[in-house]
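Data first, discussion second: the structure below is written as structure tokens.
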């Protein structure tokens with residue numbers, strides 16, 4: 001069983017997202033540790049990028065603040081090396097293709113393997129163009145995690161059959177951000193996924209409340225929350241890790 005699959009092995013998984021370097025890397029480290037200590041089953045670490053096309057204003061703001069503070073890929077790799085001294089839950093990077101290209105794909109992904117990153121999410125790479133990274137990910141045993149959106153339609157089964165790690169099911173059209181309600185018929189999409197793979201499915205985009213997390217987990221294997229966590233970091237700054245821990249604990253309990 002892969003480390004990512006283990007995150008879904010003992011019930012519904014709660015997956016928080018944290019932008020590295022917002023407000024600084026020390027706070028990121030403390031927030032990750034607080035999330036892990038309070039029940040996060042897997043943690044997504046965002047490598048900031050100047051044009052994060054999948055993100056709404058909250059996470060865009062976090063990217064801008066992190067980059068303005070001088071965060072770069074090498075510093076984030078050092079952050080993960082430090083985290084792996086005591087954080088044992090699976091960690092995956094979420095970033096954009098240009099970050100990987102500019103660093104050098106082989107060097108980037110091999111470093112991910114060396115420091116203990118279990119998977120990679122690249123939301124701007126369509127399924128049909130993933131081969132550019134897939135062979136390198138396989139070479140270093142880093143899962144290239146697929147996204148399925150409400151618009152994937154007849155591509156859902158095809159994407160599911162080739163998925164690895166877990167499937168990131170996008171709950172709604174548009175970019176990331178808190179939504180008051182999620183109206184997409186996710187159960188019908190999950191049904192097609194289940195017919196094609198036994199890879200776990202986690203729902204993200206728009207989830208912020210315990211009730212939403214509970215509802216999304218009822219039709220899938222877990223819930224992913226980004227903007228609501230990033231809002232805590234924006235609001236409380238260096239004091240945010242304690243609030244992140246409390247939030248993660250409440251969301252995990254709701255699952």
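Since residue 39 meets every condition but one in (1) in contact with a strand residue (DSSP E or B) (Cβ under 7 Å, 6 or more places away or on another chain); (2) crowded, with 22+ Cβ neighbours inside 10 Å, which condition does it not meet?
Answer for residue 39: the failing condition is (2).
Farther than 18 Å from residue 45 by Cα, in a helix (DSSP H, G or I) and touching a strand residue (DSSP E or B) at 6+ places or on another chain (Cβ under 7 Å): is that true of residue 252 in this structure?
For residue 252, the condition - farther than 18 Å from residue 45 by Cα, in a helix (DSSP H, G or I) and touching a strand residue (DSSP E or B) at 6+ places or on another chain (Cβ under 7 Å) - is met.
Residues to consider are 45, 79; find the one that is touching a strand residue (DSSP E or B) at 6+ places or on another chain (Cβ under 7 Å), modelled with pLDDT of 95 or more, outside any loop (DSSP other than H, G, I, E, B) and surrounded by fewer than 24 Cβ atoms within 10 Å (Cβ to Cβ).
45
Out of 58, 71, I need the residue that is touching a residue at least 12 places away in the same chain (Cβ under 8 Å) and within 17 Å of the chain's Cα centre (by Cα). Which one?
Exactly one residue qualifies, and that residue is 58.
Would you confirm whether or not the stretch 12-22 contains a residue that is farther than 19 Å from residue 205 by Cβ, touching a residue at least 12 places away in the same chain (Cβ under 8 Å), surrounded by fewer than 19 Cβ atoms within 10 Å (Cβ to Cβ) and more than 15 Å from the chain's Cα centre (by Cα)?
No: the stretch 12-22 contains no residue that is farther than 19 Å from residue 205 by Cβ, touching a residue at least 12 places away in the same chain (Cβ under 8 Å), surrounded by fewer than 19 Cβ atoms within 10 Å (Cβ to Cβ) and more than 15 Å from the chain's Cα centre (by Cα).
Only residues that are outside any helix (DSSP H, G or I) and either within 14 Å of residue 32 (Cβ to Cβ) or at pLDDT 95 or above (or both): list them for the stretch 82-102, please.
Within the stretch 82-102, 84, 85, 86, 87, 88, 89, 90, 91, 92, 93, 94, 95 meet the criteria.
So which residues in the stretch 200-249 are under 13 Å from residue 13 (Cα atoms), at pLDDT 90 or above and either over 16 Å from the mean Cα position of the chain (by Cα) or assigned to a loop (DSSP other than H, G, I, E, B) (or both), if there are any at all?
Once the filter is applied, which keeps residues that are under 13 Å from residue 13 (Cα atoms), at pLDDT 90 or above and either over 16 Å from the mean Cα position of the chain (by Cα) or assigned to a loop (DSSP other than H, G, I, E, B) (or both), the stretch 200-249 yields 200, 219, 220, 221, 249.
Taking the stretch 114-137 on its own, how many of its residues are farther than 24 Å from residue 24 by Cα, at pLDDT 95 or above and touching a helix residue (DSSP H, G or I) at 6+ places or on another chain (Cβ under 9 Å)?
Total satisfying the criteria: 3.
Among the residues that make up the stretch 107-121, is at least one of them touching a strand residue (DSSP E or B) at 6+ places or on another chain (Cβ under 8 Å), surrounded by 22 or more Cβ atoms within 10 Å (Cβ to Cβ), in contact (Cβ under 8 Å) with a residue 60 or more places away in the chain and within 21 Å of residue 227 (Cα to Cα)?
So far as the stretch 107-121 goes, yes, one or more of its residues are touching a strand residue (DSSP E or B) at 6+ places or on another chain (Cβ under 8 Å), surrounded by 22 or more Cβ atoms within 10 Å (Cβ to Cβ), in contact (Cβ under 8 Å) with a residue 60 or more places away in the chain and within 21 Å of residue 227 (Cα to Cα).
Consider the stretch 52-73. How many of its residues are surrounded by fewer than 21 Cβ atoms within 10 Å (Cβ to Cβ), part of a loop (DSSP other than H, G, I, E, B) and in contact with a helix residue (DSSP H, G or I) (Cβ under 8 Å, 6 or more places away or on another chain)?
1
What are the residues in the stretch 83-105 that are farther than 12 Å from residue 46 by Cβ and surrounded by 15 or more Cβ atoms within 10 Å (Cβ to Cβ), if any?
Listed by number, the residues that qualify are 83, 87, 89, 90, 97, 100, 103, 105.
How many residues does the stretch 177-199 hold that are at pLDDT 80 or above and in a loop (DSSP other than H, G, I, E, B)?
Taking the stretch 177-199 first, the residues at pLDDT 80 or above are 186-199.
Applying the additional criterion that residues be in a loop (DSSP other than H, G, I, E, B) yields 197-199.
Count: 3.
The values are calculated or read from the model by the stated rules, or taken from the named source; none is laboratory data. Small disclaimer: the values here were computed from a predicted structure and weren't measured. Glycine gets a Cβ as well: all are built from the backbone with ideal geometry, and neighbour counts include every protein chain shown.
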